[in-house]
Amino acid sequence: MTTEMADTTAEGKAQQQQKQKQLPSKDISSKAIVPTSFFHAKWTCTSTDAVLLAGVLLVAVIVRCWRLSVPNQVVFDEVHFGKFAGKYINGTYFYDLHPPLAKMMFAAAGRLAGYDGVFDFKSIGLDYAAAGVPYVGMRVLPAVLGALTVPATFAAARACGYGIDTALLASLLVCFENGLVTQSRLILLDSPLVFFTVLTLTAWSMFWTKQGRPFTGEWWLWLLATGVMMGCAASSKWVGLFLFPAIGLSTVGDLWDKIADRSISPTRWLAHFMARAVGLLAVPFAVYVFWFQVHFMLLHTTGEATSMMTPEFQTTLRGGLNVSTDRDVFYGSEIRIRSSNANSGYLHSHTHNWQHDKGSGQQQITIYGHADENNLWIVEPAFNTTVDSSQGPVKVPTGTKLRLRHKTTGKFLHSHDKRPALTSDDQKFELSGYGFPGFAGDTNDDFKLEILSGDKNQVGSSDHVQAIYSRFRLFHPNLQCSVYNSRKKLPKWAFGQIEANCMRNCLPRMSTWHVEYAHYPNATTEEVAKAQYRPLSMWAKIWEYNLLMAESNESLTGDHPFAARPQHWAWLRRGTAYWGGRGHFVYQLGNPLIWWTSLAAVVLFGLVRVVLFLLDKRQIAASMGGQRRVYLSSAGFFVLAWACHYVPFFLMGRELFIHHYFPALWMAILVLAFTLDMLTARLPHVVRLSVYVVVAAAVLHVFHTFSYIT
């Protein structure tokens, strides 16, 4: 097998400006070109490579599948992802804040293993064996995916221009990384995520080996494979989206470099641009959309999580929402008002009073997720105002003041200068039900109904209130606030329902409402127009689901005892307790030797880059034993990818765990292997191999030390 360095242009026509001798200690040609922005290596898998690939795969399978049945109980987040697999098998709709691909893969593995979807994975520690759950078959999937990342690591290193010894060392570092092993032995999403991330960057590395033959079959194969794997990574967890800036920056640099190549015509350059746009943007997007289509095709029946979606979404599910109501809202109509957002519920009241210290003690106004008699309100004119209905029912126009009387208790929707139950913000006011027999009410019962949008297919829905079609806000003129869905759960004395308050300067999304049910008691059947929700298209369902995912991720805050911030990850300050029982433990903790040295390798690269920059400024040649070109290009790219997968977490306020670092860890491991290659390049071959053996032995020793909790 031969690996030879070549120039960076698409056709390989750029002229070499100087030549350097390169140490012949590895499978790299004795010729190297001047360091520029990019390089590519020509690599063809030989029989030796194939044997080593099979060997490291066998070792990885043994490590990840050894005693895979232990523990025979539900572990950590198997609570969620095992349950979701059952939902897919049964076709029952559920909601999760992660994309669907990895969960569907577990469902497929469970189905093939004989899982019927009945076991509910309700809590950590439930006994699989007693329930007859084929959990080992489901755990085989992440174990195999985790094992496949090991030979993929070997291939990535070879494609970057490194010899067999460095590629073998890199694959062994991944094979015996305790954290990656733990994660790949359980029904968790991170093993598929890491698998698709690794395959993406391996395919991208292979694509670079074909740069000398652009637009050939192999060139297209690896470009499109990169795009497909990127789409699959993003379809497993949104952490996969960090691949886009990593590969995107590499692509921008490549295209910028091609502009300087006069052998490439503008038309040819445009073809390169369009090919990458298709392969690295359109293809991943199509893959992402495709897996969501499969997701919705499988989940066709309404379930417990259906109420989190909009009514239009719910109508697409079998057994879902099927509403047909009077269209027009009149003074005197009985109406049911719904919050017009994904976590929807109804404006609600009941015969229980506010109990918080700063409140009024008047009747509670809440948001409740189910339709019942306590959701019904009667539309009445504003305080000291009458409406002439002698000519028939009077429609409710936009901009009018009105009152809403609770049908069951007779109280008016009311607001005043009292703080709500869950906040002391002076821009928020309590909503209450107020009134008693013989009392006509007051102006604090008045709300101005302002239609924000109507249905373009329904004439008049922007001028007069129409059930389902008109979206409006209820504005309190006295307090200058709007009825607002806080999305916060109230205490037990309010039955855990959602708080509604009156908020000044609030955003429209949580202060927008619509009428879902309307009925005018004296109307005849012949003269009543009907309204109903329109089912969403597939595109609209995907859009709504992704918006809800973004909202859920942003609001995922808490105080989990094993949560960890990004500044603690690379140092391996702590791990995560997954399971404990009968004197045994599963504790998510990485191999400290690998984590610390890989971080050191990333830092060292930065220092080397700075030193070389200064030397270049002083026109001092530094060939680094002939390794400068390959080291700066390959390690530089993976340091960039590491930063793209690590730095963004510092900007997130959501709850995070150490497993979020795993994709970045794999990239740092490659940088470590490349750094060892660079540091030992000038050493005699025997000494160099001895260093590699010592490193591998030390890693294996640490792996064995922590294997009892892995």
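The values are calculated or read from the model by the stated rules, or taken from the named source; none is laboratory data. Keep in mind that what you see is a predicted model, and the values were worked out from it rather than measured. Every residue, glycine as well, gets a Cβ built from its backbone with ideal geometry; the counts of neighbours run over all protein chains shown. For accessibility, only protein heavy atoms count, side chains too; no ligands or nucleic acids. Shrake-Rupley method; radii C 1.70, N 1.55, O 1.52, S 1.80 Å.
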So, Leu474, is that one in a strand (DSSP E or B) and either closer than 18 Å to Tyr517 by Cα or without any contact (Cβ under 8 Å) to a residue 12 or more places away in the chain (or both) or not? yes
Across (1) touching a Ser or Thr at 6+ places or on another chain (Cβ under 7 Å); (2) over 20 Å from Thr408 (Cβ atoms), Glu373 clears everything bar (2)
The condition of being without any contact (Cβ under 8 Å) to a residue 24 or more places away in the chain, open to solvent by less than 30 Å² (accessible area, probe 1.4 Å) and outside any helix (DSSP H, G or I) holds, among Ala577, Ala622, only for Ala622
Query - Meets criteria (aliphatic (A, V, I, L, M) and either open to solvent by less than 30 Å² (accessible area, probe 1.4 Å) or over 39 Å from the mean Cα position of the chain (by Cα) (or both)) for Leu298 - result: no
Of Leu651, Leu604, Leu679, Leu632, the only residue that is open to solvent by 40 Å² or more (accessible area, probe 1.4 Å), touching a residue at least 60 places away in the same chain (Cβ under 8 Å) and not polar (S, T, N, Q) is Leu604
Of the residues in region 96-147, those that are at pLDDT 95 or above, over 23 Å from Thr197 (Cα atoms) and of a type in the set (Lys, Arg) come to Arg111
Checking Arg473, Arg504, Arg487, Arg509 in turn, the sole residue that is in contact with a Leu (Cβ under 9 Å, 6 or more places away or on another chain), basic (Lys, Arg) and within 30 Å of Asp326 (Cβ to Cβ) turns out to be Arg473
The residue from Trp571, Trp539, Trp543 that alone is within 28 Å of Leu679 (Cα to Cα), within 25 Å of the chain's Cα centre (by Cα), open to solvent by 20 Å² or more (accessible area, probe 1.4 Å) and not small (Gly, Ala, Ser) is Trp571
Selection from region 677-710 of residues outside any helix (DSSP H, G or I) and either of a type in the set (Val, Ile, Thr) or farther than 22 Å from Gly625 by Cα (or both) yields Thr680, Ser707, Tyr708, Ile709, Thr710
key: Verdict on Arg682 being at pLDDT below 95, of a type outside the set (Asp, Glu), closer than 19 Å to Gly575 by Cα and in contact with a Leu (Cβ under 9 Å, 6 or more places away or on another chain)   = no
#### Entry: Selection status of Trp642, surrounded by 15 or more Cβ atoms within 10 Å (Cβ to Cβ), of a type in the set (Phe, Trp, Tyr), under 22 Å from Met230 (Cα atoms) and free of Cβ contacts under 8 Å to residues at least 60 places away in the same chain
yes
*What about Ser432, is it at pLDDT 95 or above and open to solvent by less than 10 Å² (accessible area, probe 1.4 Å)?*
yes
Exactly one of Ser307, Ser250 is open to solvent by less than 70 Å² (accessible area, probe 1.4 Å), over 30 Å from Ile498 (Cα atoms) and either among the basic types (Lys, Arg) or touching a residue at least 24 places away in the same chain (Cβ under 8 Å) (or both), and that residue is Ser250
Taking region 333-368 and keeping only residues that are among the hydrophobic types (A, V, I, L, M, F, W, C) and either more than 18 Å from Thr408 (Cα to Cα) or assigned to a strand (DSSP E or B) (or both), one is left with Ile335, Ile337, Ala342, Leu347, Ile365, Ile367
Residue hits (region 486-536; over 28 Å from the mean Cα position of the chain (by Cα) and either in a helix (DSSP H, G or I) or of a type in the set (Val, Ile, Thr) (or both)) are Lys492, Trp493, Ala494, Val515, Thr524, Thr525, Glu526, Glu527, Val528
Just a yes or no: is a residue in region 253-276 modelled with pLDDT under 95, charged (D, E, K, R) and open to solvent by less than 10 Å² (accessible area, probe 1.4 Å)? yes
The residue that is surrounded by the fewest Cβ atoms within 10 Å (Cβ to Cβ), considering only those in region 682-710 that are in contact with a strand residue (DSSP E or B) (Cβ under 9 Å, 6 or more places away or on another chain) and under 21 Å from Val150 (Cα atoms), is Phe706
Counted residues in region 170-185 being open to solvent by 10 Å² or more (accessible area, probe 1.4 Å) and either over 15 Å from His645 (Cβ atoms) or touching a Gly at 6+ places or on another chain (Cβ under 6 Å) (or both) come to 3
Residues in region 416-426: is at least one assigned to a strand (DSSP E or B) and open to solvent by less than 60 Å² (accessible area, probe 1.4 Å)? no
Return yes when Val228 is closer than 13 Å to Ala60 by Cα and among the hydrophobic types (A, V, I, L, M, F, W, C) and no when it is not.
no
**Prompt:** Do the conditions hold for Tyr128, that is, is it within 23 Å of Glu544 (Cα to Cα) and touching a residue at least 12 places away in the same chain (Cβ under 8 Å)?
**Reply:** no
Exactly one of Asp96, Asp77, Asp49 is surrounded by 14 or more Cβ atoms within 10 Å (Cβ to Cβ), among the acidic types (Asp, Glu) and within 30 Å of Arg213 (Cα to Cα), and that one is Asp49
In region 668-710, residues that are closer than 27 Å to His645 by Cα and over 40 Å from the mean Cα position of the chain (by Cα) total 0
Subset of region 153-181, residues within 18 Å of Lys42 (Cα to Cα) and touching a Phe, Trp or Tyr at 6+ places or on another chain (Cβ under 8 Å), comes to Thr153, Ala157, Arg158, Ala159, Cys160, Gly161, Tyr162, Asp165, Thr166, Ala167
| request: Could you tell me whether region 449-458 includes any residue that is assigned to a loop (DSSP other than H, G, I, E, B), surrounded by fewer than 16 Cβ atoms within 10 Å (Cβ to Cβ) and of a type outside the set (Lys, Arg)? | output: yes
